[in-house]
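To start, the structure under review is shown below, and the notes come after it.
Please treat every number below as a calculation from the coordinates, not as lab data. Keep in mind that what you see is a predicted model, and the values were worked out from it rather than measured. Heads up, the Cβs are rebuilt from the backbone with ideal geometry, glycines too, and the neighbour counts pull from every protein chain shown.
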Amino acid sequence: MRKYSHDVVVRVRIPHRPGQLARFAETVAKAGGLIGDIASVAFGEGDTVRDVTLECDDEAHVQRVVDAVRALEGIEVRDVIDRVFECHRGGKIQSVGRVRVEQVSDLRYVYTPGVARVCRAIEKDPERAWEFTTLGRSVGIFTNGSRVLGLGDIGPVASLPVMEGKALLYDRFAGVSATPLLVDTHDAARFIDAVVLLSRSFGAIHLEDIRIPECFEIEAEIDRRVDKPVMHDDQHGTATVALAALLNACRATGLDPRAARLGQIGLGAAGSAIARLALAWGVREVMVADVSPAAVARMVAMGATAADLPTVMQHCDIVMLTTGRPGLVTPSMVRKGQVLFALSNPDPEIQPDDALAAGAAYAGDGRSINNALAYPGIFRGALQVRSRSITPAMLLAAAEAIADCASPGELVPSPFHPRVHDDVTAAVVRVARAAGLEHTARV
């Protein structure tokens, strides 16, 4: 199946005569584009101006489709608007006030002189900051932009649209205020120090888009040094949703994960975390393979079994691939009845349709795994009980909550599912309380 990843809105003036809109649509189709929404903008005596959403493969494909439309006699292309860039224009987030300030007297309460009383109260009892500031519902999103999506090391400033997107979803799905912070260094020690020094500004620390192996050291050391929740989302958010998808795929195919052998191919941030979480959940055996012997050795020390690609494909009931290598798996490698997830984006190690045709019981790709199902509820739950950390048990509970929200025939629910974020929050709260992680002497 082709992936149409570039949407543009083409504003066109089309003669108001029978067949003209069909002529436009036929031209778009011949150029390989898909037509989405059509909105009439203006009506004239002899023509109609419409905004037409076109779905295309990439920027070059957009240009080919638009050029084909421009070549149509009598049809005028007035504008081409990239919907993605329009969504980002001016940035996607802003800080807004929660208290109305309408007159001079309001300043006495929200600012000077009244604010001094609150400052003094917090000075005497720092715990009161959780009641009288945003601390208890805030997350700092820290990155150095060294491993962004499928883009690699593009630097912190270029990574900012991703961080803003994370912050936007925190607000939309969990009511949590998140702030992107760009740390301009590749040195792990300097990055750690920067986060620790700024950590008192937030109730929790979200790490994002940091390259391996530094991301492992960074997360572990920050978690050791700050007494609040810390999570590297590329690892644990991905692993949580991947486990939820795995559980539902196994339910759909009648496979018992606790009696199954899972193979994890690719031990980057996401792959390593998936393997660790599967072990923690109780999958019978986890076999791992990677081009890095050090990555394999790290997982073997945690209870996994070293293997290679052919061995995994031959012996594993469930296979997860996070290698970034499109086409790595050929149909001939697929074992009949396997559950297979090829998660690399934008192109998977094997197309799901090809895997199914080769005998897989279930096959999915990276579009199945959306971190937005996990991190808003995980952090909201951790903040709600002021947990000292985010534990594997919390992630397991979150994964099961996500899986349980899926409808019959659905692998995982939509991030817009009306209950999923509340259920993830409740699961995290329950586990944190049971583990005695609620904390009251902090800041």
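Largest first, the extents of the alpha carbon coordinates of segment 313-443 on the three principal axes equal 58, 26, 25 Å. When the chain is treated as a GNM with alpha-carbon contacts under 10 Å, the residue of LEU262, LEU247, LEU151 showing the greatest mean-square fluctuation is LEU151. Placing +1 on each Lys and Arg Cβ and -1 on each Asp and Glu Cβ, with no other charges, gives the chain a dipole about its Cα centre of roughly 1120 debye. In straight-distance terms, cross-link reach from LYS228 covers every one of the aspartates and glutamates whose alpha-carbon lies under 15 Å from its own, apart from those fewer than eight places away in the same chain; here that gives GLU127, GLU219, GLU438. Protection proxy ranking, highest mean first, for peptides 184-194, 333-343, 106-116: 333-343, 184-194, 106-116, where packing is the per-residue count of other beta-carbon atoms within 10 Å, averaged. Once the chain from THR185 to VAL96 is taken as fully extended at 0.36 nm per residue, the excess over their C-alpha distance is 29.1 nm. Here the spin labels are modelled as points 7 Å beyond Cα on the Cα-Cβ line, and at ILE81 and ALA435 they lie 4.7 nm apart. Dimensions of segment 134-226 based on its C-alpha atoms, expressed as ranges along the principal axes with the largest first, amount to 32, 29, 17 Å.
Candidates VAL288, VAL241, LEU72 compared by Cα position along the dipole of the chain: farthest toward the positive end lies VAL241, with charges placed on Cβ. Listed by chain and number, the lysines whose alpha-carbon sits under 17 Å from that of LYS92, ignoring those within fewer than 8 places in the same chain, are LYS166.
Taking a span of 27 Å or more along the helix axis (Cα atoms) and a mean Kyte-Doolittle hydropathy of at least -1.0 as the rule, the DSSP H helices of the chain that qualify are 233-253. Entry note: segment 168-325 has Rg to Rh equal to 1.02, where both radii use alpha-carbon atoms and Rh is the Kirkwood radius. Looking at segment 319-443 alone, DSSP beta bridges between its own residues are antiparallel in about 10 percent of cases.
How large is the helix-only mean residue ellipticity at 222 nm for the chain, computed as the sum of -39500 (n - 2.57) over DSSP H runs with n ≥ 4, divided by its residue count, in deg cm²/dmol to the nearest 500?
Details: 17 runs with 186 residues, N = 443.
So the calculated ellipticity at 222 nm is -12500 deg cm²/dmol.
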